[in-house]
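Input: a single structure, listed below in structure tokens.
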Amino acid sequence: MREFDLVIVGGGPAGMAAAISARENGLENIVILERDSELGGILNQCIHNGFGLHTFKEELTGPEYAERYAEKVIAMGIPYETDTMVLNISKDRVVTLLSKGRGVEDIRAKSVILAMGCRERPRGALNIPGYRPQGVYTAGTAQKLVNCEGYLPGKEVVILGSGDIGLIMARRMTLEGAHVAAVAELMPYSSGLKRNIVQCLDDYGIPLLLSHTVVDIKGKEKLEGVVIAQVDEKKAPIAGTEQFYPCDTLLLSCGLIPENELSKNCGVDIDPRTNGPLVDEGLETSIDGVFACGNVLHVHDLVDFVSEESARAGASAADFVKRGGTADSTEPVKVIPQNGVRYTVPSKIHTAELTGDVHIRFRVTGVFKDCSIVVKAGENELLRRKSRILVPSEMQDIIIRQDKLADVSEDICVEIEEV
Amino acid sequence: MTRELTCINCPMGCELTVEVEGDKVISVSGNTCKRGEIYAHSEISAPTRTVTTTVISSEGRPVPVKTAQPIPKDMIFECTAAIKSAEVHLPVKVGQIIIEDLLGTGAQVTATKTIK
Amino acid sequence: MYDVIIIGGGVTGCAAAAELAKYQLDVCLVEKESDVCEGTSKANSAIVHAGFDAEPDTLKAKLNVRGNAMIAELSDKLDFAFKNNGAMVLCFEEERLTDLKNLREKGEKNGVAGLEILSGDEARAREPRLSKEVKYALYAPTSGIVCPFEMTLAFAENAYANGVEFRLSTEVTAIEKNSEGWKVTTDKGEILGRYIFNCAGVYADKIAEMANAGDFRIIPRKGEYMLMDKDAGETVSHTIFQLPTKMGKGVLVTPTVHGNLLVGPTAEDIDDKENTSTTAGGFAEIRAKSALSVEGLPFGKVITGFTGLRAVGDTNDFIINEGAEGFFNAAGIESPGLTSAPAIAEMLREMLSKKTDLTPKTDHIDTREGVVHFAELSREEQNALIAKDPTYGNIVCRCETITEGEIRDAINRPLGAVTLDGVKRRTRAGMGRCQAGFCSPKTILLLAEKLGCGIGGVRKTGREEVQKDA
């Protein structure tokens, strides 16, 4: 059986950054397993720009960002296997992979990094009534068809969901010659970046219908149109507000779900708030030697955060292997999200065994203006940071200094204080 | 007159308040960096955008490209059309110039992915 | 000229085709959609009923019980998924115990074995997730679950392998009697045959009308369903029915043979024979009614909803008769239609044998192999398969672990898939939690390659033949 110090599941931005960091921290025997025929993950189809402002101080497109990392992986001689699907990860870190070249093979790993990314919420999970014709796609699938296959799925488009993927596709379809009639958004606010509202909707005069949703899909074999209705505070459609929008394409951008089937089958504890693994400050999951980073851990907005987080995971995996096992001999303190904070990553910190400052990443539950992010342990305030505005669609990143955390023995609370 | 703009330079999306007289900018506030001020000026007088799209290579493969410098916003559609009609043959390297000067704007169009 | 023209490529028509294919007959099956199994056969509860529900001495009762007895062996020979998981009919009110006893009595009259009335506690002991509201349950050990697509395809492919001709994307527009039998006019030309089997589902009344072979009516009765992810698939192990309650006819909660959890159906008579839409009201009804059987069903794990139209005859029983000289109806095949299909085929063959000699074929192939399920093979089998054909080493559908090899097989085999939904029914690619979000671009390319068309020519579903130049 082939043996590795580190097996990384996924060769997207998370997997690549983790691999580079692990190698920089001394691990030689690494392999990245990637199901696609090239490294890069989802970035390969994200041909728009906005990537890398923090990491490279440049604004790059998705493929450019991916290529920077892929070039480094190759330059460092880090092995990777493409067209390889991981079928199973066992608790004792035996990874079962499948590829044309190797067939079904078990490999043994001293450490594993989960970097499988996420999937899109499909129409069926949204319970949108109506027919099931051709022409209904999740935004990412449409993006793949347009950008990687050169195929435009339709000419008259309606988009449900104002997340970034939906907004980006509104612009993309328009530039490819389609007409985007509207973007409907269930919530009273958009979940996408403001710059995308400007560049993708305002620039093209595409209306954004907040507090609206699709209530019917018409057309038995081919999509003929959708019915959009306004919703009330309970998100229930308001009778009488229905409007028919003829279209041949409906794009759904209604949420991303971390792809944790392998993690669940392995026995990794999952946080129901993120649908990703529960991890400590080193991004180690509930199973020794198994780490998680990137969208599989929690869905990110900025790939720069993914790269930083994944570098941390790579370093932790390297430490784990060099130590010959987990160092966590002390009980960690819990990190508790409250008062406006929906979840935190990590969910626990081994304050007695820190090797550096700790990033806490979180999302808020609603829109908060002129507020403060407060982190305390008991009565002890570890951090207070003012913010003009916090929104659920933008992940927050705070750094708690090692010296502030070292003596903490009480649970750490992260919350929002409104002025 | 006061105009409210959202800066699109980076994901911060600062809300800018711009005092204008005709098409002259008097003052800019709300920005957290210099680029926001520059954006306010250009957005009022001569808005520009970066265009990202794909060109189908002669082998039938979509090649992602971008305008390496921003182009006038009101030329987005004609620029996109010009880009899409460019001739591209594989292999291409990331950064390779596909069009030297896009419709006289001075902007280069470069490939954003190496495809063999 | 054919001996028999079968109109309709659902489970009834395909089972009939497979049955006739055992004899020296020229048979042609005509189907208006571009694939078999496009009507009710693809959107139903997938139950192999025990047979206690039908009125004794009806065709439904006789053919249900006969079909139920045949399916285990057929599933083995013709390679489709079937599981004898047993069923319970739940009773929520003390006064309704008599109804449950009547059901048992009916079942026993119909020849159903092993029917037993359980107390609520006994039921909960066998099925821990059942709600506290359950007072009694009728346990039916011979009830099962099946894959209706695999079953229909199995009959069709077996019929094809034994010489039955399939004319898909062919719609019957007129039927005329002539001296030798029948002239069937379709949108693709005329077909002549001595006998006709009318297996046209919700359209069986229209077909019979064309031939002046019956004045029954088929009322489409809409049934909406919700399907949950496999990680909800072990919520219950039996198929859980409900006696009718104040809310009306009950809904069932059942595992599917592939490990999902299926909840539904609703029941609404409609006029439009093409209305397979789901509705918000339907979803709400399913949620409300199913809660009686099992509390806290994980509706957050729903991955899709769908609607099927039951072909309800206005005679309260199956309409299986010789409606006109040489024209046989197999109409009104609503529940327990799926279960009864092989028995209906037998009955039709019996009726035909009275009109003409049926000589068995000596070279009849009585087995059929479906698309292999790579994920269910042993490690050795998987690697042997990949060594022979490396496309089995490439996963296309991550959620269901379906390989490129399986999809190629589904497309390339006789009566192969010509649409995305056709690939889905033959392989399960696209039936998982991401609902084809990841795999469909790849499947589209594989279909385009085989069909010789561009991506634009590949369809999800649909009646027309493929446009090769699109």
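The values are calculated or read from the model by the stated rules, or taken from the named source; none is laboratory data. None of the values given here were measured: they were computed from a predicted structure. Please note: Cβ atoms are built from the backbone with ideal geometry, for glycine as well, and neighbour counts cover all protein chains shown.
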The one condition in (1) in contact with a Cys (Cβ under 6 Å, 6 or more places away or on another chain); (2) within 11 Å of another protein chain (Cβ to nearest Cβ); (3) not basic (Lys, Arg) that B:PRO64 fails to fulfil: (1)
Residue selected from the stretch A:162-179 under the condition within 26 Å of the chain's Cα centre (by Cα) and among the aliphatic types (A, V, I, L, M), by the criterion farthest from C:ILE455 (Cα to Cα): A:LEU167
Checklist (1) buried (at least 24 other Cβ atoms within 10 Å of the Cβ); (2) part of a helix (DSSP H, G or I); (3) hydrophobic (A, V, I, L, M, F, W, C); (4) not assigned by TED's automatic domain parsing to the domain that holds C:ALA208 applied to C:ALA345, failing item: (4)
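Table: residues versus (1) under 14 Å from the mean Cα position of the chain (by Cα); (2) more than 11 Å from chain A (Cβ to nearest Cβ); (3) over 19 Å from A:LEU60 (Cα atoms); (4) crowded, with 22+ Cβ neighbours inside 10 Å.
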site: B:GLY60; (1), (2), (3), (4): no, no, yes, no
site: B:ASP74; (1), (2), (3), (4): yes, no, yes, no
site: B:CYS79; (1), (2), (3), (4): yes, no, yes, yes
site: B:LYS93; (1), (2), (3), (4): no, no, no, no
site: B:ILE98; (1), (2), (3), (4): no, yes, no, no
site: B:THR105; (1), (2), (3), (4): yes, yes, yes, no
Selection within the stretch A:231-241 - away from every other protein chain (no Cβ under 12 Å) and surrounded by fewer than 19 Cβ atoms within 10 Å (Cβ to Cβ): A:ASP232, A:GLU233, A:LYS234, A:LYS235, A:ILE238, A:GLY240, A:THR241
Residue list for the stretch C:421-440, restricted to those being out of contact with any Pro (no Cβ under 8 Å at 6 or more places or on another chain) and either without any contact (Cβ under 8 Å) to a residue 12 or more places away in the chain or under 18 Å from C:GLY9 (Cα atoms) (or both): C:ASP421, C:GLY422, C:VAL423, C:LYS424, C:ARG425, C:ARG426
Close pairs from the stretch A:338-366: first in contact (Cβ under 8 Å) with a residue 40 or more places away in the chain and closer than 19 Å to A:ALA311 by Cα, partner surrounded by 22 or more Cβ atoms within 10 Å (Cβ to Cβ) and among the hydroxyl-bearing types (Ser, Thr, Tyr), Cβ under 6 Å, at least 6 apart: A:ILE360/A:THR344; A:PHE362/A:THR344
Filter pass, A:GLU120 being farther than 27 Å from B:VAL109 by Cα, of a type in the set (Asp, Glu) and within 13 Å of another protein chain (Cβ to nearest Cβ): yes
Tally of residues being touching a residue at least 60 places away in the same chain (Cβ under 8 Å) and within 13 Å of chain C (Cβ to nearest Cβ) across the stretch A:251-274: 13
Residue that is modelled with pLDDT of 90 or more and assigned to a loop (DSSP other than H, G, I, E, B), where the choices are C:GLY432, C:GLY462, C:GLY422: C:GLY432
The stretch C:94-125, subset outside any helix (DSSP H, G or I) and in contact (Cβ under 8 Å) with a residue 60 or more places away in the chain, residue farthest from C:VAL253 (Cα to Cα): C:GLY111
The stretch A:17-41 - residue that is within 11 Å of another protein chain (Cβ to nearest Cβ) and buried (at least 20 other Cβ atoms within 10 Å of the Cβ) and, of those, farthest from the chain's Cα centre (by Cα): A:ARG35
Subset tally (residues that are among the polar types (S, T, N, Q) and within 20 Å of A:PHE4 (Cα to Cα)) for the stretch A:284-341: 4
Candidates A:ARG312, A:ARG273, filtered to the one that is assigned to a loop (DSSP other than H, G, I, E, B) and either in contact with a Ser or Thr (Cβ under 7 Å, 6 or more places away or on another chain) or charged (D, E, K, R) (or both): A:ARG273
Identity of the residue in the stretch A:190-203, more than 7 Å from chain B (Cβ to nearest Cβ) and within 19 Å of the chain's Cα centre (by Cα), that ends up farthest from A:ILE165 (Cα to Cα): A:SER190
Failed item, numbered, when B:ILE115 is tested on (1) within 11 Å of another protein chain (Cβ to nearest Cβ); (2) closer than 26 Å to A:GLY177 by Cα; (3) within 19 Å of the chain's Cα centre (by Cα); (4) surrounded by 13 or more Cβ atoms within 10 Å (Cβ to Cβ): (3)
Hits in the stretch A:54-94 - residues which are more than 23 Å from the chain's Cα centre (by Cα) and aliphatic (A, V, I, L, M): A:ILE74, A:ALA75, A:MET76, A:ILE78, A:VAL94
Criterion violated by C:LEU445 - all others in (1) in a loop (DSSP other than H, G, I, E, B); (2) within 13 Å of chain A (Cβ to nearest Cβ) satisfied: (1)
Conditions (1) in contact (Cβ under 8 Å) with a residue 24 or more places away in the chain; (2) aliphatic (A, V, I, L, M); (3) within 28 Å of A:ASN25 (Cα to Cα); (4) out of contact with any helix residue (DSSP H, G or I) (no Cβ under 8 Å at 6 or more places or on another chain); number of the one not met by A:VAL158: (3)
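Yes/no per residue for (1) in a loop (DSSP other than H, G, I, E, B); (2) at pLDDT below 95; (3) closer than 17 Å to A:ILE47 by Cβ:
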position	(1), (2), (3)
B:PRO64	no, no, yes
B:GLU78	no, no, no
B:ALA86	yes, no, yes
B:GLY95	yes, no, yes
Selected residue (only one of C:GLY308, C:GLY282 is within 14 Å of chain A (Cβ to nearest Cβ), in a helix (DSSP H, G or I) and closer than 26 Å to C:ALA200 by Cβ): C:GLY282
Sole residue being more than 24 Å from the chain's Cα centre (by Cα), away from chain A (no Cβ under 12 Å) and of a type in the set (Gly, Ala, Ser), chosen from C:GLY452, C:GLY416: C:GLY452
Residue within the stretch A:92-106 that is assigned to a loop (DSSP other than H, G, I, E, B) and more than 9 Å from chain C (Cβ to nearest Cβ) present: yes
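Listed here are the residues, each with its yes/no results for (1) more than 13 Å from chain B (Cβ to nearest Cβ); (2) of a type in the set (Val, Ile, Thr); (3) under 25 Å from the mean Cα position of the chain (by Cα).
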residue: A:VAL136; (1), (2), (3): yes, yes, yes
residue: A:THR141; (1), (2), (3): yes, yes, yes
residue: A:LEU145; (1), (2), (3): no, no, yes
residue: A:CYS148; (1), (2), (3): no, no, yes
residue: A:PRO153; (1), (2), (3): yes, no, no
residue: A:LEU160; (1), (2), (3): yes, no, yes
residue: A:PRO188; (1), (2), (3): yes, no, yes
residue: A:GLY205; (1), (2), (3): no, no, no
residue: A:ILE217; (1), (2), (3): yes, yes, no
The stretch A:57-90, subset modelled with pLDDT under 95 and within 24 Å of B:THR54 (Cβ to Cβ), residue surrounded by the fewest Cβ atoms within 10 Å (Cβ to Cβ): A:GLU58
Counted residues, the stretch C:371-386 - those being surrounded by fewer than 21 Cβ atoms within 10 Å (Cβ to Cβ) and either assigned to a loop (DSSP other than H, G, I, E, B) or facing chain A (nearest Cβ under 7 Å) (or both): 6
